[in-house]
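See structure below.
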Amino acid sequence: MGIFNKSDQLSVNRANATIIADVTEIRGEIRVKSNLHLDGKFSGTINSKSIISLGKNGFIEGDIFSKKLTVTGCFVGTAHCDEIEILCGGKVVGQITSNVLVIERGGFFEGEKQTKGIHQGLCCPAVRRIRSRLNEQ
């Protein structure tokens, strides 16, 4: 679940975490190499080479580029991540591109999902056959 465990206590990666508290509002661009936990409000673009964890009070509107996104709060926008996890109570609305998408019971996703790195011409033969059949109908 990102950098926090189920009881909202920091995990062992505490020294490598940037934390934005729930009383904070930021607009613009964030570039971070460490883990980022956001309980406040952010509007703009986040670029991370690590994990972005959106807490239950957190709200992000904009674009996210990261290794992993874990959502317990609310995210509206586009996300390009290797892995996206929507936990119970988390809400994601928008377009996401990822290799892995996990939605826990009680999580919410509305929008469009694409698999990272997979294009129509590069998929496996079984998928091409199914797409061909759907196009014939």
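Quick note: the coordinates plus some simple rules give every number you see, no bench work behind them. Note that this is a predicted model, so its numbers are computed, not measured. Cβ atoms come from the backbone with ideal geometry, glycine included; neighbour counts cover every protein chain shown.
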Taking neighbour Cβ counts within 10 Å as the exposure measure, how do THR115, THR78, THR72, THR97 sort from fewest upward? THR115, THR78, THR97, THR72
Excluding residues on the same chain fewer than 8 positions from LYS116, give the lysines whose Cα lies under 17 Å from its Cα. LYS49, LYS67, LYS68
Label region 14-136 by shape, choosing from rounded, prolate and oblate, from the square roots a ≥ b ≥ c of the eigenvalues of the Cα gyration tensor; if a/c is under 1.5 it is rounded, and otherwise prolate applies when a/b is larger than b/c, oblate when it is not. prolate
By Cβ neighbour count within 10 Å, fewest first, ARG27, ARG105 rank ARG105, ARG27
For GLY62, distant residues with modelled amide H under 5 Å away: GLY44, VAL76, GLY77, THR78
Could you work out the local net charge near GLY40, counting Lys and Arg as +1, Asp and Glu as -1, over the other residues with Cβ closer than 9 Å to its Cβ? -2
What aspartates and glutamates sit close enough to LYS33 to cross-link, taking a C-alpha to C-alpha distance under 18 Å and skipping anything fewer than 8 places away on the same chain? ASP63, ASP82, GLU83
Quick one: order LEU38, LEU134 by neighbouring beta-carbon count within 10 Å, fewest to most. LEU134, LEU38
Can you give the local net charge around ASN99? Use residues other than it whose beta-carbon is closer than 9 angstrom to its beta-carbon, Lys and Arg +1, Asp and Glu -1. -1
